[in-house]
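Data block below; observations after.
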Amino acid sequence: MQYAIELYYDKETEQKLFNLAKRVADEKLSTKFLEWKTRPHLTLACFNDVEEEICIKQLKEFAQSHKPMPAYIGSVGMFNDTKTIFVSPVMNSNMYQFQRELHEYLNAFDKKGWEWYCPNSWVPHCTIALTGEDEDSVFYRASNLILQEFEKMCGEFVSIGLVKITFPVEEIYTIDLDK
């Protein structure tokens with residue numbers, strides 16, 4: 001089974017991001033992102049398998065030693081090969097350090113094949129639309145819609161969670177960062 005560690009936004013920011021994703025579906029462009037039933041998030045790490053109880057224990061320890069962080073979402077991007085449309089936070093050294101420390105905490109789990117989520121090769125992004133299974137024109141129309149409707153936002157990253165990468169995504173455990 002494959003797993004991911006996700007970083008979640010405060011409720012208001014999460015709702016704004018969800019509404020942007022929902023607009024793509026409301027315009028009858030693509031519903032695939034909503035079908036995954038995942039919350040807006042940044043994926044911090046992916047693993048081929050984890051021992052859930054051990055991972056949860058380590059996430060608890062990690063969360064207790066980290067505070068919520070500002071989330072300034074300032075840009076729209078795309079992965080052309082997968083036709084994924086996303087928004088990105090403005091990153092700083094604290095965010096990269098946060099991700100690096102998380103990987104150190106969870107270094108016992110197999111991340112082979114998930115190198116794009118490892119420190120030094122991570123592209124932090126929050127997916128808004130998955131159009132890879134749609135006609136090519138949907139990618140361009142959805143991109144245009146998001147570009148027109150996206151507004152910069154300020155919020156916070158407030159919690160982290162363990163999810164099972166299934167269809168739909170299964171949230172296993174979420175914990176708030178220590179306040």
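Contact list please: Cβ distance under 7 Å, first residue in the stretch 98-125 and under 20 Å from G77 (Cβ atoms), second residue assigned to a loop (DSSP other than H, G, I, E, B) and basic (K, R), pairs at least six apart or on different chains.
Partner pairs satisfying both residue conditions: C118/K111.
Inspect all residues belonging to the stretch 109-120 and state whether any of them is in contact with a His (Cβ under 6 Å, 6 or more places away or on another chain), at pLDDT below 95 and not aliphatic (A, V, I, L, M).
Within the stretch 109-120, one or more residues are in contact with a His (Cβ under 6 Å, 6 or more places away or on another chain), at pLDDT below 95 and not aliphatic (A, V, I, L, M).
Could we say that K60 is charged (D, E, K, R) and without any contact (Cβ under 8 Å) to a residue 60 or more places away in the chain here?
It is false that K60 is charged (D, E, K, R) and without any contact (Cβ under 8 Å) to a residue 60 or more places away in the chain.
Mind telling me which of the residues L29, L59, L34 ends up being outside any helix (DSSP H, G or I) and surrounded by 12 or more Cβ atoms within 10 Å (Cβ to Cβ)?
Result: L29 is the single residue among L29, L59, L34 that is outside any helix (DSSP H, G or I) and surrounded by 12 or more Cβ atoms within 10 Å (Cβ to Cβ).
Considering each residue of the stretch 126-153, count those that are exposed (fewer than 14 other Cβ atoms within 10 Å of the Cβ), touching a residue at least 40 places away in the same chain (Cβ under 8 Å) and of a type outside the set (D, E, K, R), and give that number.
1
Of everything in the stretch 37-56 that's under 23 Å from Q99 (Cβ atoms) and touching a Pro at 6+ places or on another chain (Cβ under 8 Å), which residue is surrounded by the fewest Cβ atoms within 10 Å (Cβ to Cβ)?
T38
Would you pick out the residues in the stretch 115-125 that are among the hydrophobic types (A, V, I, L, M, F, W, C) and surrounded by fewer than 16 Cβ atoms within 10 Å (Cβ to Cβ)?
Within the stretch 115-125, W116, C118, V123 qualify.
Taking V138, is it of a type outside the set (K, R) and under 20 Å from K37 (Cα atoms)?
No: the conditions fail for V138.
Which of the following residues is part of a helix (DSSP H, G or I), out of contact with any Phe, Trp or Tyr (no Cβ under 8 Å at 6 or more places or on another chain), acidic (D, E) and free of Cβ contacts under 8 Å to residues at least 24 places away in the same chain: E12, E53?
Residue meeting the stated conditions: E53.
Which residues, counting only those in the stretch 66-113, are under 14 Å from the mean Cα position of the chain (by Cα) and closer than 22 Å to E53 by Cα?
Q99, the sole residue that qualifies.
The values are calculated or read from the model by the stated rules, or taken from the named source; none is laboratory data. Just so we're clear, the structure is a prediction, and the values are computed from it rather than from any experiment. Please note: Cβ atoms are built from the backbone with ideal geometry, for glycine as well, and neighbour counts cover all protein chains shown.
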